[in-house]
Amino acid sequence: MSMWKKTRKRTQHPRMDPKMFDAIAEKMKTITVKMELVDGVLLPDTTLEMWDQFWNFQAREDDILIATFPKAGTTWMQEIADLILLQGDVEQSMRAPCFIKVPFLDLNIKPIPPGVETAANMPSPRLLKTHMPIKLLPPSFLEKNAKVIYVARNAKDCMVSYYYFQLMNKGLPDPGTWNEYFSTFLAGDVPWGSWFDHVIGWWKAKDRQRILYIFYEDMVEDPKREIKKIIEFLEKDVSDEVLGKILYHTSFEVMKDNPMANYSVLPSQVMDQSVSKFMRKGKVGDWKNHFTVSQNILFDEEYKKKMEGSGLTFREVL
């Protein structure tokens, strides 16, 4: 029996009421997924229902915000940061599913309380999450100069991962065929907007704000090195023993079996993991199994135009 199964019951969180998930499942049976434009960025209409509350969210100076384009290693970074703050206390990290213990500020799916409400009631220091491009980030984060960890993943792998995520996530639009999605993604007509605008926007802000800009490919290559960067950025003292625990418990193989990280607590009406696992592969270069030769040529041409002059360079893209 895995460690997760042994500890799951006694670390059950009071907000993990099965009735809440049943209610979500019922709601998803009748919901029509709609996306609306905000300053050129497609967002779920449920997010727009609480837009004033989101935009006026009050950050605190000691907040830690994890910001990413979807499917860029968000959950991985959440678990790393949470375990750093907990000094490697794995059982405490299992206190609740990742989407509850680290409020997703953009999320508004009843009966789960909106992320901004959950965050507002949390004690400091808060660990928070957003997929927003920096131009749509609540202004208070920049005014307070809160710490932000931004994870950037190369566009080709991001596209493939996002495609499968939209296939299984009933709260997002159906992506259509791979060929259709390739064009949609390249045009930036996906939830949370253009990958190009997202990664460049946050890159340009990194020297003006307290932003640690981390690359997914670097994390895969040498997680110990990158976790040390995060520890230093968060100004924490972590022993070698604790670092070892963090490395082990945030490895892909361990996290994919962790019910608090793999979204398996959600009903199939929300995320149908028989279609695709939430934690699918976690590898670099899977795009090579999906892109046709002509798609790769087209993508590389668009990539060169969009990224030229940005000063931002990714590995494993071209």
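The values are calculated or read from the model by the stated rules, or taken from the named source; none is laboratory data. Everything numeric in this text was worked out from a predicted model, so none of it was measured. In this analysis, Cβ positions are derived from the backbone assuming ideal geometry, glycine residues included, and neighbour counts consider all displayed protein chains. Heads up: the accessible areas ignore ligands, DNA and RNA and are worked out on the full protein's heavy atoms, side chains in. Shrake-Rupley method; radii C 1.70, N 1.55, O 1.52, S 1.80 Å.
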- Task: Report ³J(HN,Hα) in whole Hz for each residue of segment 177-188, in order, from the Karplus equation J = 6.51 cos²θ - 1.76 cosθ + 1.60 where θ = phi - 60°; Gly and Pro get x.
- Result: 6, 4, 4, 5, 5, 3, 5, 4, 5, 4, 7, x
- Any idea what Rg and Dmax come out to for segment 43-119 if you just take the C-alpha atoms, in Å? 13.3, 38
- Message: Given points 7 Å out from each Cα along the Cα-Cβ axis, report the Asn145 to Thr292 separation in nanometres with one decimal.
- Response: 5.2
- Hydrodynamic radius by Kirkwood for segment 106-164, inverse mean 1/r across distinct Cα pairs, in Å, is 13.9
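Which entries in the list Lys101/Lys129; Lys156/Lys206; Lys256/Lys288 go over 19 Å, if you measure between the two C-alpha atoms of each? Provide the component values of the computation, followed by the final result.
On the way: Lys101/Lys129 10 Å; Lys156/Lys206 23 Å; Lys256/Lys288 23 Å.
In this structure, Lys156/Lys206; Lys256/Lys288 exceed 19 Å between Cα atoms.
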- Separation of alpha-carbon centers, segment 68-143 and segment 164-186, rounded to whole Å: 24
- Query: Which residues' amide hydrogens lie under 5 Å from the amide hydrogen of Phe215, considering only partners 5 or more residues apart or on another chain, with H built in the peptide plane?
  - Reply: Ala152
- Task: Tell me which residues come under 5 Å, amide H to amide H, from Lys147 once H is placed; ignore anything under 5 positions away on its chain.
- Result: Asp63, Leu65
- Residue by residue through segment 142-158, the couplings from Karplus 6.51 cos²θ - 1.76 cosθ + 1.60 with θ = phi - 60°, in Hz, x for Gly and Pro, are 6, 5, 7, 6, 5, 6, 10, 9, 9, 10, 10, 10, 4, 4, 5, 5, 4
- Note on the structure: So, over other residues within a Cβ distance under 15 Å of Lys147, counting Lys, Arg +1 and Asp, Glu -1, the net charge is +1
- So what's the net charge close to Leu186: Lys and Arg +1, Asp and Glu -1, counting the other residues with Cβ under 15 Å from its Cβ? -3
- ³J(HN,Hα), Karplus 6.51/-1.76/1.60, whole Hz, each residue of segment 291-306, x for Gly, Pro: 6, 7, 4, 5, 5, 5, 5, 4, 4, 4, 5, 5, 4, 4, 5, 6
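What length, rounded to one decimal in nm, is gained on full extension from Ser183 through to Asn56, with 0.36 nm per residue of separation minus their alpha-carbon distance?
42.3 nm
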- Item | Label-to-label distance, nm, for residues given as Lys283 and Lys206 (7 Å Cα→Cβ offset) | 2.7
- Item | Residue order for Leu128, Leu186 - accessible surface, 1.4 angstrom probe, largest first | Leu186, Leu128
- Item | Distance in nm between pseudo-label sites at Asp222 and Lys304 (7 Å out along the Cβ direction from Cα) | 3.1
- Item | Leu37 - accessible surface, heavy atoms, 1.4 Å probe, Å² rounded to 10 | 120
- Accessible surface of Glu221 - all protein chains present, 1.4 Å probe, nearest 10 Å²: 110
- Provide the net charge surrounding Pro175, with neighbours chosen by a C-beta distance below 13 Å and charges set as Lys +1, Arg +1, Asp -1, Glu -1. -1
